[in-house]
Amino acid sequence: MNQQTQPLLEFRDVCKSYDRTQAVESISTAVARREFVALVGASGSGKSTLLKTVNRLVDPSSGTVLIDGDPVESLPLAALRRRIGYVFQSVGLFPHMSVGENIAIGPRISGQKLTRERIAELLDLVDLERSMATRMPNELSGGQRQRVGVARALANEPQLLLMDEPFGALDPVTRDALGERVRSLHRELNLTTVMVTHDMAEALLLADRVLVMEAGTIVADETPQSLLHGGGGEIAQSLVAVPRTQADRLAELTR
């Protein structure tokens with residue numbers, strides 16, 4: 001299989017158990033290059049656990065995760081994580097470092113130094129003023145901090161962007177704007193993106209493909225269009241029903 005047809009990310013019979021709890025059970029699926037995939041499901045469905053097996057924050061109990069055909073466990077951890085950008089809900093900016101220093105931390109750990117111009121370019125990508133490079137995290141709003149988190153994730157020019165409930169703590173207006181910016185960056189930078197969210201509306205609006213998880217398994221693998229036309233089965237449709245019902249209720253208010 002040549003590089004262009006080989007999936008960038010592949011899960012082969014991946015399982016993860018904690019004592020008697022099976023968090024992920026025999027998942028096999030692949031993510032194509034430049035695809036934007038959303039993992040959706042209720043709390044405890046296994047979506048965050050599955051995502052974390054990619055950058056080895058969680059090691060599977062059995063099965064294999066591959067990037068570009070390479071098993072992730074065969075790669076040095078630092079080298080693996082340089083290929084992956086990771087954005088998570090709590091952002092995790094270092095409070096004693098400036099915005100610029102936070103953005104540059106990944107390359108710095110791997111022995112590289114970002115120039116001021118490169119930091120400025122990364123701030124441009126996430127629609128923040130270049131002057132913010134010298135500010136401290138406690139001077140920023142929640143939405144600004146999360147934008148810095150996205151810039152930091154892109155600093156190593158990763159092949160793959162992983163996002164774990166990245167917008168969950170943001171207000172609806174900020175959440176929508178940042179979601180649209182991430183989708184634009186996905187296209188502009190030719191990224192492959194996997195995003196965990198519990199919000200089906202967000203998944204439908206941003207993703208090319210939606211994987212619905214329940215009890216550690218994938219119960220639906222559909223495009224947004226298919227889900228909106230009734231595909232995916234009962235569990236998937238129960239999640240689609242939430243934004244659909246909200247839209248219907250809003251429509252009633254305008255009558």
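Show the residue pairs meeting these rules: Cβ distance below 7 Å; 6+ apart or different chains; first residue within the stretch 174-187 and touching a residue at least 12 places away in the same chain (Cβ under 8 Å) and closer than 12 Å to ASP127 by Cα; second residue assigned to a helix (DSSP H, G or I) and among the small types (Gly, Ala, Ser).
Pairs found: LEU178/GLY143.
Got at least one residue in the stretch 91-103 being on the phi > 0 side of the Ramachandran plot and not in a helix (DSSP H, G or I)?
Yes.
How many residues are surrounded by 18 or more Cβ atoms within 10 Å (Cβ to Cβ) and among the aliphatic types (A, V, I, L, M) when one looks only at the stretch 59-79?
4
Results for (1) closer than 11 Å to GLY100 by Cα; (2) in contact with a Pro (Cβ under 8 Å, 6 or more places away or on another chain), shown as yes or no for each residue.
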residue: ARG118; (1), (2): yes, no
residue: GLU139; (1), (2): no, no
residue: ASP164; (1), (2): no, no
residue: VAL182; (1), (2): no, yes
residue: HIS186; (1), (2): no, no
residue: LEU189; (1), (2): no, no
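May I ask you to say which residue of THR223, THR245 is out of contact with any helix residue (DSSP H, G or I) (no Cβ under 6 Å at 6 or more places or on another chain), surrounded by fewer than 18 Cβ atoms within 10 Å (Cβ to Cβ) and closer than 27 Å to GLU25 by Cβ?
THR223
Just wondering, is there one or more residues in the stretch 175-186 that are in the same structural domain as LYS52 (by TED's automatic domain parsing), part of a loop (DSSP other than H, G, I, E, B) and at negative phi?
Within the stretch 175-186, not a single residue is in the same structural domain as LYS52 (by TED's automatic domain parsing), part of a loop (DSSP other than H, G, I, E, B) and at negative phi.
Taking ALA201 as the residue in question, decide whether it is more than 23 Å from SER26 (Cβ to Cβ) and either at pLDDT 95 or above or touching a helix residue (DSSP H, G or I) at 6+ places or on another chain (Cβ under 8 Å) (or both).
So ALA201 fits the description; yes.
How about the stretch 12-85: which strands (runs of 3 or more DSSP E) wholly inside it have at least 2 residues that are modelled with pLDDT under 95, farther than 22 Å from PRO166 by Cα and not assigned by TED's automatic domain parsing to the domain that holds THR217?
It comes to 21-31.
THR197 - would you say it is polar (S, T, N, Q), under 23 Å from THR49 (Cβ atoms), surrounded by fewer than 20 Cβ atoms within 10 Å (Cβ to Cβ) and in contact with an Asp or Glu (Cβ under 8 Å, 6 or more places away or on another chain)?
Judged against the criteria, THR197 is not a match.
Any residue at all in the stretch 127-141 that's of a type in the set (A, V, I, L, M, F, W, C), under 30 Å from VAL173 (Cα atoms), in a helix (DSSP H, G or I) and without any contact (Cβ under 8 Å) to a residue 60 or more places away in the chain?
yes
The values are calculated or read from the model by the stated rules, or taken from the named source; none is laboratory data. The shown structure was predicted, so the numbers you read here are calculated from the model rather than taken from an experiment. Heads up, the Cβs are rebuilt from the backbone with ideal geometry, glycines too, and the neighbour counts pull from every protein chain shown.
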